[in-house]
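The values are calculated or read from the model by the stated rules, or taken from the named source; none is laboratory data. Note that the structure is predicted; figures quoted are calculated from it, not measured. All Cβ positions, glycine included, derive from the backbone under ideal geometry; neighbour counts span all protein chains shown. Side chains included, ligands, DNA and RNA excluded: accessible areas come from the protein's heavy atoms. Shrake-Rupley method; radii C 1.70, N 1.55, O 1.52, S 1.80 Å.
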Amino acid sequence: MFDLLAHLFTPRHTNNHRPRLLHPEGFFVLTTLVLVFHVFLKTTPPLFNSSGYVLGYASNITASQVLQDINAERERADLKPLQNNALLTQAALSKASDMFLKQYWAHSAPDGTTPWVFIQKSGYSYSIAGENLARDFGDTDSMVTAWMASPTHRANIVQNTYSDTGIAVIDGKYQGVETTLVVQMFGAPANKKAEVGNAGSAIAVFAKESAPEPTPLRKVTSTTTTTDSTPTFSPLQVSKSVFLAMLGLLLAVLIYDMFVAHYKKTVRVVGKNLAHIALFITIIIIVIVFKGGSLL
């Protein structure tokens, strides 16, 4: 076993004085293992957390955490916290379900249905309303950070006219890919003075109407949920961690090989280790910094 590990990780005569892990076939084996592991996560039966809830594939976002983070941003802006409203929550759930049903990613559906139609049908009578959308984020904090970095989304979050909100987090397939959609509806009751906010296309005022509530949706988390079903881990995050571990292993072997070769004054006709090290460090930084996800 020791000889095998030395052959893989240490420059010696058995591997032509270059760790076998750094040979082309070593890169190929590591890449194959990571891809097989990623496919395994996607194809195995659903895993369960300690509370018995099925783990959503793409995300561990919960609506309660979204509301907490949004209100924290409002507090920093010296604004009153938003209150969860059951009707706006129902509107958010309906909008998320409609996007999966009709397979679109936009504020307005292909048939022209606007976000405000869902709010009106929920029975919420408003003077001003807004909508923020997000998909494929791995956690709540990175999603809210992305919202705050977008002028139109931030304008909704820190709009002082809003008093109510409804949030839906729903898992489904969009264009054949497992996706987590997050819909946040904002509103102010009709008894408040109507005005148009400054969030561009993400906010508007419509005539106040009401309609019967739509049928509740399945497989969702919302601010009305009484049980926290936060998964113990996200397969998306596990895949990212495994990839980072592979890069870290290669980086460590490269650094060790560089010092051993320098100490033994080994002459080799190979690429410079420093260049490879810089490449791997760059890739690791990109993977760590990249948060993924999409906003509307």
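Check Leu133 against each of (1) modelled with pLDDT of 95 or more; (2) within 18 Å of the chain's Cα centre (by Cα) and name the one condition it does not meet.
(1)
Taking only region 60-77 into account, find how many residues are of a type in the set (Gly, Ala, Ser), part of a helix (DSSP H, G or I) and more than 18 Å from the chain's Cα centre (by Cα).
So the count comes out to 1.
Among the numbered criteria (1) more than 15 Å from the chain's Cα centre (by Cα); (2) open to solvent by 20 Å² or more (accessible area, probe 1.4 Å); (3) under 20 Å from Arg74 (Cβ atoms), which one does Pro110 miss?
The one condition Pro110 does not meet is (3).
Could you list, in sequence order, all residues of region 92-116 that are among the hydroxyl-bearing types (Ser, Thr, Tyr) and either assigned to a helix (DSSP H, G or I) or in contact (Cβ under 8 Å) with a residue 24 or more places away in the chain (or both)?
Of everything in region 92-116, those that are among the hydroxyl-bearing types (Ser, Thr, Tyr) and either assigned to a helix (DSSP H, G or I) or in contact (Cβ under 8 Å) with a residue 24 or more places away in the chain (or both) turn out to be Ser94, Ser97, Thr114.
Could you run through region 117-138 and say how many residues are surrounded by 19 or more Cβ atoms within 10 Å (Cβ to Cβ) and part of a strand (DSSP E or B)?
Residues flagged as surrounded by 19 or more Cβ atoms within 10 Å (Cβ to Cβ) and part of a strand (DSSP E or B) within region 117-138 amount to 9.
Suppose we keep only residues that are assigned to a loop (DSSP other than H, G, I, E, B) and either under 40 Å from the mean Cα position of the chain (by Cα) or more than 18 Å from His262 (Cβ to Cβ) (or both) within region 1-17. Which one would you say is modelled with the highest pLDDT?
This residue is Thr10.
When you go through (1) at pLDDT below 65; (2) aliphatic (A, V, I, L, M); (3) part of a helix (DSSP H, G or I) one by one for Val270, which number turns out not to apply?
(3)
If the Cβ limit is 6 Å and pairs must be 6+ apart or interchain, which residue in region 144-157 that is more than 9 Å from Gly130 (Cβ to Cβ) pairs with which residue that is open to solvent by 10 Å² or more (accessible area, probe 1.4 Å) and among the polar types (S, T, N, Q)?
Pairs found: none.
Collect the residues in region 19-28 that are modelled with pLDDT of 75 or more and surrounded by 12 or more Cβ atoms within 10 Å (Cβ to Cβ), keeping them in residue-number order.
Passing the criteria: Pro19, Arg20, Leu21, Leu22, His23, Gly26.
Which condition does Ala168 not pass, out of (1) within 22 Å of the chain's Cα centre (by Cα); (2) open to solvent by 10 Å² or more (accessible area, probe 1.4 Å); (3) not acidic (Asp, Glu), if it passes all the others?
(2)
For residues that are more than 17 Å from Asn71 (Cβ to Cβ) and part of a helix (DSSP H, G or I), scanning just region 139-153, find the one that is most open to solvent (accessible area, probe 1.4 Å).
Filtering region 139-153 for residues that are more than 17 Å from Asn71 (Cβ to Cβ) and part of a helix (DSSP H, G or I), the one most open to solvent (accessible area, probe 1.4 Å) comes out as Pro151.
Restricting to region 78-91, and then to whatever is assigned to a loop (DSSP other than H, G, I, E, B) and out of contact with any Gly (no Cβ under 6 Å at 6 or more places or on another chain), can you tell me which residue is surrounded by the most Cβ atoms within 10 Å (Cβ to Cβ)?
So the residue we want is Leu82.
Restrict the check to region 95-107 and report whether at least one residue is touching a strand residue (DSSP E or B) at 6+ places or on another chain (Cβ under 8 Å), modelled with pLDDT under 95 and at positive phi.
Yes, because at least one residue in region 95-107 is touching a strand residue (DSSP E or B) at 6+ places or on another chain (Cβ under 8 Å), modelled with pLDDT under 95 and at positive phi.
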